[in-house]
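The values are calculated or read from the model by the stated rules, or taken from the named source; none is laboratory data. Please read all numbers here as calculations on a predicted model, not as lab measurements. A quick note on method: Cβ atoms are made from the backbone with ideal geometry, for glycine too, and the neighbour counts reach across all protein chains shown.
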Amino acid sequence: MKSLHILLAGAVACLAGPASAETLLERGTYLANGPAACGNCHTPITPDGRPIQGQELAGRLIEDNPAFTAYAGNITPDEETGIGSWTDEQIITAIREGKRPDGSIIGPPMPIGLYRGISDTDAKALVAYLRSIPPVRNEVPESTYRIPLPPSYGPPVGNVPDVAEGVTVEYGGYLAGPIAHCLECHTPMGDKGHPDFENQLGAGGFQFHGPWGTSVSSNLTPHEDGIAEYTDEEMVAMITTGTRPDGTPMYPPMGYGYYANMKPGDVQAIVKYLRTLPPKPDPQ
């Protein structure tokens, strides 16, 4: 996990307060509906993959594979089937430490290892947003794991400072890691069933199954098999539209509809960060 630790350390190296006078709710609304794309996993979808109106963040089946059958929980403020009875601190602990109020561990594909790097301000902002949305009653089944879950994802998360907003490698790393968790989906699995951040950071090759069929995450490193051939402008367009320069469509679960809501500078910062990754060939 050394590379992941370097990623998170680099992301918090440039410290400052929020770049604007945003309220926590405004910041949380932007994050949840933009780079964090919470609804991409937690909002129920139609058979053709479109979000169901009126069911925002009410939970759904997210992945069924040999390792697990995982359901994304109902994270609306419904007190019986959602998180309405949880305290703010309990919600933040669930997001950053993968532990529910009853002590149970949240399993994959929730990227807890990356979410541990979410700043205190942004964690509170996400809570403010989750408190603001309509409660939806939706009983979501428990996930089933056929792989062992860790007893924890590490020691309790202490203070995580803000990262200065800007078109910088540091802020791009923060967005691509703890917030948008790009590296969770775009890093191949290692021998222990976890993304191989140490050796294959961002190299792609992870398979996803859904109504669209099977999609494979792309190589995000500046390798000839990755993003080397694309200009920054082409990268921004692919992230926010889901369309390659030649006009061919890209497929879910990449949350293009959410990323279209991102501030232009934030997308540019992510691209700037990706250019700094060690070039890796596509995994065979």
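A few comments on the model shown:
- Meets criteria (in a helix (DSSP H, G or I) and not assigned by TED's automatic domain parsing to the domain that holds Gln55) for Leu175: yes
- Hits in the range 54-72 - residues which are outside any strand (DSSP E or B) and not charged (D, E, K, R): Gly54, Gln55, Leu57, Ala58, Gly59, Asn65, Pro66, Ala67
- Within the range 135-162, residues that are touching a residue at least 60 places away in the same chain (Cβ under 8 Å) have Cβ atoms under 6 Å from residues that are basic (Lys, Arg) in these pairs: Val157/Arg96; Val157/Arg116, counting only partners at least 6 apart in sequence or on another chain.
- Just one residue in the set Ile92, Ile118, Ile75 is closer than 27 Å to Leu201 by Cβ and part of a loop (DSSP other than H, G, I, E, B); that residue is Ile118.
- Residues of the range 107-139 satisfying the condition of being buried (at least 19 other Cβ atoms within 10 Å of the Cβ) and of a type in the set (Val, Ile, Thr): Ile112, Ile118, Val127, Val136
- So Tyr230, is it under 21 Å from Gly205 (Cα atoms) and in the same structural domain as Pro188 (by TED's automatic domain parsing): yes
- Flag for Ile239 being part of a loop (DSSP other than H, G, I, E, B), of a type in the set (A, V, I, L, M) and at pLDDT 95 or above: no
- Flag if Asp191 is more than 23 Å from Asp64 (Cβ to Cβ), at pLDDT below 95 and either among the hydrophobic types (A, V, I, L, M, F, W, C) or out of contact with any strand residue (DSSP E or B) (no Cβ under 6 Å at 6 or more places or on another chain) (or both): no
- Among the residues of the range 199-224, those that are touching a residue at least 24 places away in the same chain (Cβ under 8 Å), closer than 22 Å to Val267 by Cβ and assigned to a loop (DSSP other than H, G, I, E, B) comprise Leu201, Gly202, Ala203, Gly204, Ser217, Ser218, Asn219, Leu220, Thr221, Pro222, His223.
- Contact map, the range 92-106: first residue charged (D, E, K, R), second residue crowded, with 19+ Cβ neighbours inside 10 Å and part of a helix (DSSP H, G or I), Cβ cut-off under 7 Å, separation 6 or more or different chains; pairs are Arg96/Tyr115; Arg96/Ala123; Glu97/Ile112; Arg100/Ala94.
- Among (1) out of contact with any Pro (no Cβ under 7 Å at 6 or more places or on another chain); (2) at pLDDT below 95; (3) among the hydrophobic types (A, V, I, L, M, F, W, C) - the single one Phe206 does not satisfy: (1)
- Checking the stated criteria, Leu130 turns out to be in a helix (DSSP H, G or I), aliphatic (A, V, I, L, M) and within 28 Å of His186 (Cβ to Cβ).
- Residue within the range 190-198 that is part of a loop (DSSP other than H, G, I, E, B), acidic (Asp, Glu) and touching a Gly at 6+ places or on another chain (Cβ under 6 Å) present: yes
- Considering each residue of the range 231-247 in turn, none proves to be small (Gly, Ala, Ser), surrounded by fewer than 14 Cβ atoms within 10 Å (Cβ to Cβ) and closer than 28 Å to Glu165 by Cα.
- Residue in the range 71-90 that is farthest from Tyr145 (Cα to Cα), counting only those that are buried (at least 20 other Cβ atoms within 10 Å of the Cβ) and under 17 Å from the mean Cα position of the chain (by Cα): Ile75
- Flag for Leu201 being closer than 29 Å to Ser119 by Cα, touching a Gly at 6+ places or on another chain (Cβ under 6 Å), surrounded by 21 or more Cβ atoms within 10 Å (Cβ to Cβ) and outside the structural domain of Ala70 (by TED's automatic domain parsing): no
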